[in-house]
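Step one of this worksheet: look at the structure below.
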């Protein structure tokens, strides 16, 4: 605890991305880390709410980093930011809220997680579909938020309530009760009622249609039933779609290397193969040396040409590409729906979806 906090004033450091730091939008996502003295953007609301909650706290510094710069240089950025933040002697670090911004969520989670071994309390907040939740929920207290910035007021309110408890040294035994995502940590304790009695009580509530909550919720995973195989490929149109990040050289649509917010549509007209001079991988989740040397290893245009002549199908003259690394389920579903509409409109009967 710092001298300032012992004198009744808590010191808070706030981490934000380039947008909330006032630098700019996506065009500034590669900005390097810098600090602003005092609160910035949502930090002003955070500081106000802390004081309204009878916690005499001030945001002594706001640390800003571009989303793309963080995810593309995470180890280097953390090596710079951790001692920088530690130098402010914070009683608490608040990151975000990140809502459903995937790269921002990964950055917030990364910063908070890196501070844990130093004993610096840190909290963040994001939407349930943010990839940062699955990546960091076991090590970081993450407040659940709405999908977008319209939920700022509620997110700040919950973060401040949790932050005050952390500042006062209170143990957060049940994260869900504080509006956080469960961390999957199981603790043994003695319950007044045996398990058989609790189970029967839950069953009766379920039969009667009354609300109940299981003590150990089972995770839910989407299941997609495979379509029947196509017996004869002759005459049908097949398209190529990839989440492996193969794009024209220079990445003209600026698809993010992690937590993609977009996809691209690119022409294959007249191409017998992909060339290292004309195509590259924009993916940040694997060593793309071999993909850059021969993009066909991820998007097999060369083999498609061979099979097209051999089996008699027609290759769609366009392919679609995005990056699967850290991309939220919501965005993936959105991309799929939009791409499917175009493929159906163009008379495509089958798709080969390649990854890494």
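The values are calculated or read from the model by the stated rules, or taken from the named source; none is laboratory data. No experiment lies behind these values; they were computed from the predicted model shown. Glycine also receives a Cβ, built like all others from the backbone with ideal geometry; neighbour counts cover every protein chain displayed.
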### Query
When you look at residue 59, is it under 22 Å from residue 99 (Cα atoms), assigned to a strand (DSSP E or B) and either assigned by TED's automatic domain parsing to the domain that holds residue 98 or touching a residue at least 40 places away in the same chain (Cβ under 8 Å) (or both), yes or no?
yes
### Task
Report yes if residue 118 is touching a strand residue (DSSP E or B) at 6+ places or on another chain (Cβ under 6 Å), modelled with pLDDT of 90 or more and farther than 26 Å from residue 284 by Cβ, otherwise no.
no
### Query
Given the conditions (1) touching a helix residue (DSSP H, G or I) at 6+ places or on another chain (Cβ under 8 Å); (2) crowded, with 16+ Cβ neighbours inside 10 Å; (3) assigned to a loop (DSSP other than H, G, I, E, B), which single one is not true for residue 285?
(1)
### Task
Could you list, in sequence order, all residues of the range 40-56 that are in contact with a helix residue (DSSP H, G or I) (Cβ under 8 Å, 6 or more places away or on another chain) and under 17 Å from residue 124 (Cα atoms)?
42, 45, 46, 49, 50
### Task
Could you pull out the residue among 239, 260, 291 that is at pLDDT below 90, surrounded by 16 or more Cβ atoms within 10 Å (Cβ to Cβ) and touching a helix residue (DSSP H, G or I) at 6+ places or on another chain (Cβ under 8 Å)?
260
#### Entry: residue 99 being touching a strand residue (DSSP E or B) at 6+ places or on another chain (Cβ under 9 Å), outside any loop (DSSP other than H, G, I, E, B) and under 21 Å from residue 22 (Cα atoms)
no
### Query
Taking the condition surrounded by fewer than 17 Cβ atoms within 10 Å (Cβ to Cβ) and either in contact (Cβ under 8 Å) with a residue 24 or more places away in the chain or under 14 Å from residue 15 (Cβ atoms) (or both), does residue 145 pass?
no
### Task
Considering (1) part of a loop (DSSP other than H, G, I, E, B); (2) surrounded by fewer than 16 Cβ atoms within 10 Å (Cβ to Cβ), say which one residue 265 fails and leave the rest.
(1)
### Summary
The condition of being under 15 Å from the mean Cα position of the chain (by Cα), in contact (Cβ under 8 Å) with a residue 60 or more places away in the chain and more than 19 Å from residue 11 (Cβ to Cβ) holds, among 136, 104, only for 104
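Quick check on the range 318-347: of everything there that is part of a strand (DSSP E or B) and at pLDDT 95 or above, which residue is surrounded by the fewest Cβ atoms within 10 Å (Cβ to Cβ)?
Ranking the qualifying residues of the range 318-347, first place goes to 318.
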### Task
Kindly indicate whether residue 350 is crowded, with 16+ Cβ neighbours inside 10 Å and more than 27 Å from residue 136 (Cα to Cα).
no
